[in-house]
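The values are calculated or read from the model by the stated rules, or taken from the named source; none is laboratory data. Keep in mind the model is a prediction, meaning the values are calculated, not measured. For the accessible areas, the whole protein counts, side chains as well, though only heavy atoms, and no ligand, DNA or RNA atoms are used. Shrake-Rupley method; radii C 1.70, N 1.55, O 1.52, S 1.80 Å.
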Amino acid sequence: MDSAERHSVHISCLFPEILAIIFTYLDVKEKGRAVQVCTAWRDAGYHRVVWRGVEAKLHLRRANPSLFPSLVRRGISRIQILSLRRSLKDVVAGIPNLQSLNLSGCYNVTDVALANAFSHEIPSLIELNLSLCKQITDSSLAKICQWLKNLEVLELGGCTNVTNTGLLLCAWGIRKLRRLNLRSCRQVGDQGIGHLAGNISHTATGTLALEHLGLQDCQKLTDQALKHVSIGLITLRSVNLSFCGSITDSGLRFLSKMPTLCEINLRSCDNISDIGVGYLAEGGSKITNLDVSFCERIGDQSLIHISQGLYRLNNLSLSACNISDEGIEKLVQGLQELSTLNIGQCNKVTDKGLRLISENLRNLACIDLYGCTKITTVGLELIMQLPSLRTLNLGLWHKK
C-alpha cells in the first residue's frame with residue numbers, strides 16, 4: 001500500500017470491535033449521536049461493551065415499539081423513568097433482564113401500577129428507587145417482597161405512607177437487601193426497625209445483610225431503634241440519623257458497640273452532646289466518617305474524645321458546633337491523617353485555629369470555613385499552603 005492509499009483509509013474501515021472500544025470513551029449523548037452517523041457506526045454502536053453500566057433516562061409518554069428492543073439489543077438493563085404516562089408493566093415486560101429501575105419523583109406511580117408491573121418473579125432486578133413516590137403504601141411493599149427476592153437496594157425516601165408493617169414485610173421477604181433508605185418516612189418507628197433487625201417478629205428473620213441504612217428525618221425513632229440496630233444489623237457500615245430529634249447520647253452507646261460501623265451522620269440531632277461522642281470514641285476506632293454538624297451541645301470536649309478514640313477518622317463535619325481554637329488544638333494532635341474537615345459557622349475559630357490546622361493536618365484535602373467570622377486572610381493564606389488541599393469553601397469561591 002503506497003502513501004496515498006494509506007492516507008485514504010477512513011475511520012469507517014476500522015473493525016466494528018475497534019469502533020466499539022472507541023465509543024466506550026464517549027458520554028451517553030455522544031454515543032447516541034455517533035450511532036446515527038452511518039450504518040457501520042450504528043452496527044458498532046450496538047456492541048454491548050459500548051453501553052456497559054449506562055442508565056437509560058426515559059420519558060414514557062406514548063407507545064414506541066422499537067424502544068425496548070433497542071435497549072435490550074444494546075444490553076442496557078438500568079432504567080430511570082423521568083415521566084410516566086404508560087403502564088409500568090410495559091417496562092418490566094419489555095426489558096426482561098432489568099437490573100435497576102429508578103422511579104424517583106414519579107408522583108403518579110400508585111400501588112395498582114406497581115402491582116400490575118410486579119406480578120411475577122423478576123430475579124434480575126436488584127435496585128429499585130421509589131423516592132418521592134408519595135402514593136406508595138405498604139401494599140406495594142407486599143408485592144415487592146413477594147416477587148423481587150434478589151433486591152439489594154431499595155430507596156423509599158419521602159414515601160410517607162410506609163409504616164412499620166411495610167418494614168415487617170421487607171424483613172420477611174427481602175433477605176439480600178444491602179441498602180435501605182427510609183428518609184422522611186415519618187410513620188416508621190422503633191418497632192419497624194426492630195422488624196428489620198429481626199428482633200421482634202418470629203416469622204421474619206430480618207434484613208440482616210444490611211450495610212447502609214438511611215433514617216434521616218424519621219421523627220418517631222428513639223434510642224430503642226438504635227438498640228435494635230446494634231443487636232441485629234451486625235454488618236451495618238453506615239447509618240444516617242440526621243434530624244432524628246429523639247436520638248440521645250444513650251443511643252450512641254449502642255452504636256459504639258457495632259464492629260463494622262464506619263459512617264455515622266448525626267447532623268441536627270439536638271439531643272446529642274459531648275457525652276455521646278465520648279461513647280462513640282470508647283468503642284468506635286473503626287469510624288471513618290462522622291457528621292455532628294448543627295449539634296449545639298457539641299463542643300471542645302468532643303474534640304478531645306475524638307482525638308483520643310477515633311483514630312481512623314478521615315472525614316469530620318462540625319459545622320455550627322460550639323468549638324474553639326482550644327478544641328482544634330486537641331483535634332489536630334490526634335488526627336493528623338484527616339482529609340476532610342467541615343467547621344463552617346464555627347464562630348469561635350480564629351486564625352490561631354487555622355494555623356494549628358495548617359501545621360498539623362498536612363493531608364487535608366477539603367475544608368469548609370463558610371461563615372467563620374473570626375478568621376482573616378492571614379489564616380486563609382496558611383490554609384491555602386496545605387500541599388494536598390483541593391477544596392476550600394468560603395461560601396463565595398472554591399480553590400480546587
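Straight-line cross-link reach from residue 286 at under 15 Å between alpha-carbon atoms covers these aspartates and glutamates, not counting any fewer than eight positions away in the same chain: 211, 263, 337. Over the stretch 229-368, accessible surface divided per residue gives 38 Å², non-protein components excluded, 1.4 Å probe. In whole angstrom, note down how far apart the Cα centers of the stretch 246-315 and the stretch 88-102 are. What the calculation gives is 42 Å, centre to centre. The HN-Hα couplings worked out from phi for the stretch 98-112 by the Karplus form 6.51 cos²θ - 1.76 cosθ + 1.60 (θ = phi - 60°) are 4, 9, 9, 10, 10, 10, 3, x, 7, 5, 8, 6, 10, 4, 5 Hz, whole numbers, x standing for Gly and Pro. The residues of the stretch 159-213 expose on average 39 square angstrom of accessible surface per residue, using a 1.4 Å probe on protein heavy atoms. Counting only protein heavy atoms and a probe of 1.4 Å, the accessible surface of the stretch 92-202 is 48% carbon and sulfur.
Counting only residues at least eight positions apart within a chain, or on another chain, the aspartates and glutamates with an alpha carbon under 14 Å from that of residue 134 are 111, 155. Here the 3J(HN,Hα) profile of the stretch 338-345, calculated from phi with Karplus coefficients 6.51, -1.76 and 1.60 at θ = phi - 60°, is 4, 10, 10, 9, 10, 10, x, 6 Hz, Gly and Pro shown as x.
Solvent-accessible area assigned to carbon and sulfur over the stretch 277-352 amounts to 40 percent, based on a 1.4 Å probe.
Please state the shape class of the stretch 205-271: rounded when a/c is under 1.5, otherwise prolate if a/b exceeds b/c and oblate if not, all from the C-alpha gyration tensor. Judged from the Cα gyration tensor, the stretch 205-271 comes out prolate (a/c at least 1.5, a/b above b/c).
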